[in-house]
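As structure tokens, the structure follows; a few thoughts come after it.
The values are calculated or read from the model by the stated rules, or taken from the named source; none is laboratory data. Worth saying up front: this structure is predicted, and the values here are computed from it rather than measured. We place every Cβ from the backbone using ideal geometry, glycine too, and count neighbours over all the protein chains shown. Side chains are part of the model used for accessible areas, which takes the heavy atoms of the whole protein and leaves out ligands, DNA and RNA. Shrake-Rupley method; radii C 1.70, N 1.55, O 1.52, S 1.80 Å.
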Amino acid sequence: MKQVVQNYKSGELALLDVPVPGCKPGGVLVRTSYSLISTGTELMKVSEAGMSMLGKARSRPDQVAKVMQSVATNGVPATYRKVMGKLDSYTPLGYSLCGVVEQVGAGIDDVKAGDLVACAGNEHALHAELNWVPRNLYARVPDGLAPRHAAFGTVGSIALQGVRQGEPQLGEVALVIGLGLIGQLVVQLLAASGVRVVGVDPDPVRCELAERLGAAACGDPESAAVEAAVAELTGGHGVDQVYLAAGGGSNQPVELAARLSRDRGRVVDIGKCRLDLPWNAYYEKELDVRFSRSYGPGRYDPEYELEGRDYPIGYVRWTERRNLACFLDLAARGSVDVEPLVSHIADFDDAVETYQRLKDGDLKAVAVLFRYTDRAGAAETPAQAPSVAVPAVTVQRGPARAARTPVRLAFVGAGNYASSMLLPHLAQRDGVELSTVVTTTALSAANAQRKFGFAEATTDLDAVLGDKSVDAVFVVTRHSSHAELTRRALLAGKTVFVEKPLALTEDELAGVLAAVEESGNDRLQVGFNRRFAPLLQEARQRFGARTGPASLRYLVNAGRLQHGSWYLQQGTEGSRFAGEGGHFIDTASWLLDADPVSVYAVATSGNEDLQVVLRYPDGSTATISYVTTGAPGFPKETLDLVADGRVLRLDDFVRASVYGRKRWVSSRLPKARDKGQSAELAAFVKAVRTGGPMPVPLESLVATTAATLAVQAGLAAGAPVTLAGAR
């Protein structure tokens with residue numbers, strides 16, 4: 001089998017063929033699916049190996065002390081031979097992986113061959129195709145957790161043990177210094193515990209990532225903004241805990257910890273941080289300095305790790321293994337999201353090159369995974385041919401509804417988008433009556449009633465759904481509630497307009513369609529407004545019908561989100577693309593007059609910028625570039641459609657052009673961009689009033705939603721996703 005090794009004397013990294021380990025009693029033999037590179041600990045070791053002998057000595061004074069003791073005991077010649085022999089040997093790398101149990105040793109009865117497990121330990125969870133792992137250093141992976149995410153189990157346990165040492169309580173404020181891999185996980189764990197977090201790191205990209213993952217504010221350690229955020233969140237008292245997740249030789253982290261801690265605060269050292277404690281600062285505040293030892297109780301105890309002797313749960317609640325299982329459970333339930341941390345996935349055969357790129361700085365990453373192949377050479381992942389189902393729409397429609405005037409509308413939610421982009425087009429429309437607005441807070445309902453003239457304002461959704469005089473319900477709440485509210489409104493017999501996205505998961509989409517089937521009510525519209533934009537409609541008409549396949553490119557310069565935006569709450573509200581991407585997929589499918597059959601998605605580090613390639617039945621392709629790192633002054637949306645010797649160009653809904661035998665260029669619009677909301681609402685109201693067909697077929701809405709979901713599935717699998725059942 002193959003294994004990554006390093007010669008600490010020369011610094012050489014190699015992928016060696018070594019014997020397969022035996023399956024000893026008290027453990028299991030695991031074939032690796034994914035292993036995680038610790039970009040902190042492992043890179044520090046790799047960098048040290050490349051130093052001179054003097055540099056190695058300076059970086060490891062603890063080892064120098066051992067050498068000096070050996071010289072005093074055994075003499076210089078014997079010590080020299082011993083040290084050189086140890087240095088000039090191959091040592092393993094790695095300590096966090098996920099794989100499949102291949103063989104079970106004697107005395108093991110909690111897993112069986114074929115089970116998926118996460119494994120820990122710098123002697124047992126190595127970057128190798130096969131590893132023998134003792135009982136207390138593995139945990140079964142919960143159903144539904146992807147192997148690549150389970151490979152984070154060990155580093156997740158390190159972060160979890162650090163948080164436990166800080167003893168956080170609901171409502172407290174914590175400071176996390178260092179937003180590398182461990183720091184990012186600490187941020188999420190604290191946020192999941194009800195703690196408000198301020199992050200510190202000199203890298204603005206890592207700061208923004210931490211804010212996306214739950215931090216209240218982040219900034220450079222030299223920035224006054226960090227101190228201001230701490231003062232605001234704590235009323236000037238200082239943070240309750242500080243987590244030192246930074247490395248390096250600077251003493252700045254411990255000095256910053258003292259300055260921003262409250263009286264008798266707690267400081268927890270998780271990483272290998274310089275700790276020249278400023279005595280006065282720590283004494284005057286009587287700060288409690290704590291250390292977090294790796295994955296938790298049991299670490300470095302050979303009886304626990306090698307002999308499988310567990311600690312009684314009544315005396316030691318959280319051991320190494322129980323921490324590992326806990327983190328896997330949190331990841332499986334979505335309380336911790338490791339996907340945004342994945343910067344790069346490399347084939348295991350490219351391990352040496354990957355380490356070199358990391359060491360040289362060519363590959364900047366928070367987390368890097370090795371992907372392994374099985375003995376037949378196929379990628380060992382349960383999703384070799386990933387797919388997302390496009391559910392068939394089956395409905396036995398009830399009798400057509402008679403024409404209604406006026407059309408009585410109810411709004412569930414009245415936030416910024418509803419108030420700025422929907423209600424102004426409806427408030428003055430003839431034949432429309434704004435019946436009821438439902439919000440979770442009484443004041444927001446009252447404000448919407450005052451601004452737009454709703455007849456009633458309430459917080460009682462059931463009353464609205466049970467009101468037979470209400471013809472249609474608009475669902476304009478946060479993304480996580482869309483599917484459930486839509487399902488309930490359909491079952492109540494209402495025509496529904498739901499802002500995108502329709503659903504955040506396949507199960508949510510299936511639940512909506514189950515409501516359609518149960519009720520016979522398929523009167524549904526999703527707020528995909530671009531296809532209704534007058535400028536784009538005219539350009540499509542002038543482009544004309546196609547005879548051959550087309551190529552479409554859609555650049556979306558989405559830009560950065562403001563700090564505090566609920567769009568950053570990916571754990572509950574889905575990714576930005578999950579929330580907004582349906583717009584662009586729907587537009588592409590409408591222009592190509594078909595639904596996609598496959599999706600391939602790739603992302604930059606941290607999944608900031610996406611490239612999504614859609615393939616259509618006739619061979620057409622659409623590439624959506626969804627970027628957040630562009631210049632704010634550049635147009636948000638530009639689109640090009642090329643086919644049959646013609647080109648359609650859309651410039652941010654301000655100008656359009658078609659190039660062919662003749663050239664057509666629109667006149668520049670004199671006012672704001674019209675992205676189709678008014679025309680979309682007019683078509684929806686007409687369908688409600690007349691009982692005629694909905695503006696967009698339900699099959700198209702389902703296909704677009706499934707394709708949007710497939711983007712996340714494709715990023716997780718690193719492979720194209722088939723849209724199973726697509727027309």
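The sole residue among Val665, Val711 that is closer than 19 Å to Leu535 by Cβ and among the β-branched types (Val, Ile, Thr) is Val665. Checking the structure you have, find out if any residue of region 444-465 is assigned to a strand (DSSP E or B) and among the aromatic types (Phe, Trp, Tyr). No.
Per the conditions (1) open to solvent by less than 40 Å² (accessible area, probe 1.4 Å); (2) farther than 17 Å from Val336 by Cβ; (3) among the charged types (D, E, K, R), the sole criterion not satisfied by Arg259 is (1). Against the test of being in a loop (DSSP other than H, G, I, E, B), of a type in the set (Ser, Thr, Tyr), buried (at least 21 other Cβ atoms within 10 Å of the Cβ) and in contact with a helix residue (DSSP H, G or I) (Cβ under 8 Å, 6 or more places away or on another chain), the options Thr486, Thr477 yield a single qualifying residue, Thr477. Scanning region 652-672 for residues that are out of contact with any strand residue (DSSP E or B) (no Cβ under 6 Å at 6 or more places or on another chain) and buried (at least 17 other Cβ atoms within 10 Å of the Cβ) gives a single hit, Phe653. In region 496-515, the residues that are closer than 21 Å to Phe411 by Cβ reach residues that are of a type in the set (Lys, Arg) and open to solvent by 10 Å² or more (accessible area, probe 1.4 Å) with C-beta atoms within less than 7 angstrom, at least six apart or across chains, in these pairs: Val496/Arg523; Val512/Arg487; Ala515/Arg487. Against the condition closer than 17 Å to Arg540 by Cβ and of a type in the set (S, T, N, Q), how does Ser700 come out, does it pass? Taking the combined requirement at face value, the residue satisfies it. The set of residues from region 196-206 being under 13 Å from Val176 (Cβ atoms) and at pLDDT below 95 comprises just one member, Arg206. Inside region 78-111, residues that are modelled with pLDDT of 65 or more, open to solvent by less than 20 Å² (accessible area, probe 1.4 Å) and in a helix (DSSP H, G or I) make up a count of 0.
Checking Ala120, Ala151 one by one, the residue that is within 19 Å of Pro340 (Cβ to Cβ), among the small types (Gly, Ala, Ser) and under 25 Å from the mean Cα position of the chain (by Cα) is Ala151 and no other. Filtered by the rule that a residue be β-branched (Val, Ile, Thr) and either closer than 12 Å to Arg542 by Cβ or open to solvent by 60 Å² or more (accessible area, probe 1.4 Å) (or both), region 636-651 gives Val642, Val647.
Contact annotation: residue pairs with Cβ atoms under 8 Å, 6 or more positions apart or on different chains, pairing a residue in region 280-299 that is more than 24 Å from Ala325 (Cα to Cα) with a partner that is surrounded by fewer than 20 Cβ atoms within 10 Å (Cβ to Cβ) and β-branched (Val, Ile, Thr), are Tyr282/Val289. State yes or no: is Glu102 more than 16 Å from Val336 (Cα to Cα) and free of Cβ contacts under 8 Å to residues at least 40 places away in the same chain? No: the conditions fail for Glu102. Figure legend. Inter-residue proximity from region 699-713: first residues open to solvent by less than 10 Å² (accessible area, probe 1.4 Å), second residues part of a helix (DSSP H, G or I), beta-carbon distance below 6 Å, spacing 6+ or different chains. Indicated pairs: Thr704/Gly582; Thr704/Ile585; Thr704/Asp586; Thr705/Leu509; Ala707/Ile585; Val711/Phe577. If the condition is being open to solvent by less than 10 Å² (accessible area, probe 1.4 Å) and either farther than 30 Å from Gly265 by Cβ or not polar (S, T, N, Q) (or both), then region 149-159 contributes Ala150, Ala151, Phe152, Gly153, Val155, Gly156, Ala159. Of everything listed in (1) within 23 Å of Leu426 (Cβ to Cβ); (2) free of Cβ contacts under 8 Å to residues at least 40 places away in the same chain, the single unmet condition for Phe474 is (2). Of the strands (runs of 3 or more DSSP E) contained entirely in region 580-629, not one carries at least 3 residues that are among the aromatic types (Phe, Trp, Tyr). Figure legend. Inter-residue proximity from region 620-643: first residues under 23 Å from Pro549 (Cα atoms), second residues at pLDDT 95 or above and among the aromatic types (Phe, Trp, Tyr), beta-carbon distance below 6 Å, spacing 6+ or different chains. Indicated pairs: Ile624/Tyr554; Ile624/Phe584; Leu639/Tyr554. Per the conditions (1) aromatic (Phe, Trp, Tyr); (2) outside any loop (DSSP other than H, G, I, E, B); (3) open to solvent by 50 Å² or more (accessible area, probe 1.4 Å), the sole criterion not satisfied by Tyr311 is (2).
Are any residues in region 430-454 buried (at least 17 other Cβ atoms within 10 Å of the Cβ) and more than 18 Å from Thr486 (Cβ to Cβ), and if so, which ones? Selection gives Val432, Glu433, Leu434, Ser435, Ser444, Ala445, Ala448, Gln449, Phe452, Phe454. Once region 221-256 is narrowed to residues that are surrounded by fewer than 22 Cβ atoms within 10 Å (Cβ to Cβ) and polar (S, T, N, Q), the residue that is nearest to Gly194 (Cα to Cα) is Thr234. For the residues Asp644, Asp640, the requirement of being charged (D, E, K, R) and under 35 Å from the mean Cα position of the chain (by Cα) singles out Asp640. Considering region 346-388, and only residues there that are under 30 Å from Asp522 (Cα atoms) and open to solvent by less than 50 Å² (accessible area, probe 1.4 Å), the residue that is modelled with the lowest pLDDT turns out to be Pro386. Of all residues in region 599-635, those satisfying the criterion of being open to solvent by 10 Å² or more (accessible area, probe 1.4 Å), touching a helix residue (DSSP H, G or I) at 6+ places or on another chain (Cβ under 7 Å) and at pLDDT below 90 are Ala603, Asn607. The number of residues in region 169-186 being outside any loop (DSSP other than H, G, I, E, B) and either out of contact with any Leu (no Cβ under 6 Å at 6 or more places or on another chain) or surrounded by fewer than 24 Cβ atoms within 10 Å (Cβ to Cβ) (or both) comes to 6.
Filtered by the rule that a residue be of a type in the set (A, V, I, L, M), in a helix (DSSP H, G or I) and in contact with a Gly (Cβ under 9 Å, 6 or more places away or on another chain), region 187-224 gives Val187, Leu189, Leu190, Ala191, Ala192, Val205, Leu209, Ala210.
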